[in-house]
Each structure stands twice: as structure tokens, then as C-alpha cells.
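Can you keep this structure in mind? I'll have questions shortly.
What follows is calculated from the coordinates using simple rules that are stated; it is not laboratory data. Everything numeric here is computed off the predicted structure, so don't read it as measured data. Neighbour counts run over all protein chains shown; Cβ positions are idealised from the backbone, glycine included.
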Amino acid sequence: MSALTEIRSALSVFGDFAKTEDGYAVATQHVYPSGSFVTAYIQSAMSESVIVTDGGGAVDCLSSHGLVIENLKRAFPPSLVTRGLKMTNGILLTQPIPVAALPSAIPLLSRASVSIAEHGLKVFRPKRRRDLEQEIFNTLSIFIGRDRILREKRLVGASNRPYTFDFVAPIGDDKQLVVDAVSPEANSMNAKVVSHIDVARAMGDSIQHRLVYDDEDAWDSSDLALLQMAAVTVPLSGLRSEMSRMSSIH
């Protein structure tokens, strides 16, 4: 039996396979998180041996989710290390195997390719941003009480222009605390700076201002300096300490 005939015979158990430029492609029943099926590719190796690859399918799946993987070893689940598989230039492949091993090697590699895609999504997926407003509300509630906090409160500035603030709450006998969440986008920063300066001109010492930013985001020192011109600017990680300090004063 010729080598090609032997390979085709071994692949016949899969039903759906096709000749490629340098071997064969086999459609499998294993599915990536992206919803596409794993295709296994068979290429001749040494005499009477072949290798099976995923054609870079696992890495392509990660790329389709917007992930750029620089260290592919981190996408390799520990459970696959001892299965005779390796990743070369983004392609998962077996060691050279005898043709007779194809019926077991193809499902093994296909499952492994899916595992790498799933593991990579967990390892490399960007961390979900915190809900900054909810975190602020939770902290304010500890010191002020949920029922005393007004959300989306409108106040009028010296220009007679109304502004909406994330949180307004009474502090002390005759003052209000005005707190806004701010993000590192230019539009957000500029809007907060203008509103806090204008309302401060109108209400003077009757209000206390705080701008709160998420210190897990990437911030430029110049942007924080700009915010500080409008109001006391506090990182989320320091808000509890700031509220504790204010509580001791009022």
C-alpha cells in the first residue's frame, strides 16, 4: 500500500477531508469559542510518518476576539504539556507519528486546540473595567447613607447653566457634597472641569467638590493636574480614606 493510500485509508473514518497543497485537511466536530470548527491538517514528515497541525486555528480564534498573544506559552494549558504537542510560530502540532495513529491523533490535537483557545481567552482577555459610579456610591453609602444620596442631581452654575452631577449629598449642617466620576477621555474631563468650576462660583463655600477617578486606568499626570484645578481629585482606592477624613471634620 502506498503512503498516500495509507493516509487516505486512515482519514476515511472522518468522512470529510480534502487534499491540500502539502497534505490533507480534515473537518472535525470540535468547536472554538468563536463558533468555528477546528480543521486538522496532515502533512508528511519523515519516512512513513506524518504530523498533524491546527493550522494556527487556536491563535486565529484568539485574534478574532481582539487579543494579540506575544507569549504563546501562557496560552498553553498545563494539562497539555505532557501530550506530545508543541506550538511553533502560532501553530499547534504533534510530533511525527505513524499514519496508523491518525484516527486518535486528530481528535487529540483538535481538542487541544480548542483548550488553548479557551485557556487563552481566560488568561489574556482584558480585565473588565470596574463600575466606577457603583463603587463610588457604595463607598459614599457607608459614610453618608444610601437614602441621603441623590443621584443625577442638577445644580445651576454662575453662568445660569444647569449641570447634572453623579452624586449630591448633605454634609454637616448646611453644606452639600458634590461627587463626580471621571474617565480619562478628553470629553469627560473637560465637561467635569467646566461644571465644577461654574457651580463653585455660584455656590461658594456651601459645597464640597470631589472628582473620583479609577486609578486602575491609564492616566497622565497632566490630566490629573487639570482635574485638580476644578475640585479635589481622589483615586477610587483612596476614596474611603478621603470620606473618613471629611467625616471627622464635619
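Where does region 152-217 land on Rg(C-alpha)/(2.2 N^0.38 Å)?
Working it through for region 152-217, the quotient is 1.10.
What percent do you get for the relative contact order of region 97-236 when only Cα pairs under 8 Å and 6+ apart count?
19
Between Ser104 and Thr88, 0.36 nm times their residue separation minus their Cα-Cα distance comes to what?
Net length gain for the segment: 3.6 nm.
Which ordering of Glu118, Glu152 is given by a fewest-first count of other beta-carbon atoms within 10 Å?
Glu152, Glu118
In the chain, how does Rg compare with the Kirkwood Rh, expressed as the Rg/Rh ratio over alpha carbon atoms?
Using Cα coordinates only, the ratio equals 1.32.
Given R₀ = 25 Å, FRET efficiency for Ser237-Val194 by Cβ-Cβ distance, to 0.05?
0.45
Relative contact order of the chain: what whole-number percent is it, with Cα pairs under 8 angstrom and at least 6 residues apart?
Value for the chain: 13 percent.
Under the definition of Cα pairs under 8 Å and six or more residues apart, what whole-number percent is the relative contact order of region 3-124?
28
Here is a further query. Quick check: convex hull of the Cα atoms in region 132-249, volume per residue, rounded to a whole Å³?
99
Kirkwood Rh over Cα pairs of region 3-124 into Stokes-Einstein at 10 °C, 1.306 mPa s: D in µm²/s?
Approximately 110 µm²/s, per Stokes-Einstein.
Same structure, new question: Report D for region 195-245 in µm² per second (integer): Stokes-Einstein, Kirkwood Rh on Cα pairs, 37 °C, 0.692 mPa s.
Translational diffusion coefficient: 276 µm²/s.
With label points built 7 Å along Cα→Cβ from the Cα atoms of Lys175 and Ser159, find their separation and express it in nm.
2.6
Just grab the label-to-label distance for Asp16 and Ser34, each label 7 Å out from Cα along the Cβ direction, in nm (one decimal).
Label-label distance for Asp16 and Ser34, simple model: 1.7 nm.
Mind ordering 103-111, 225-233, 19-27 by average Cβ neighbours within 10 Å, highest first?
For the peptides 103-111, 225-233, 19-27, the packing ranking is 103-111, 225-233, 19-27.
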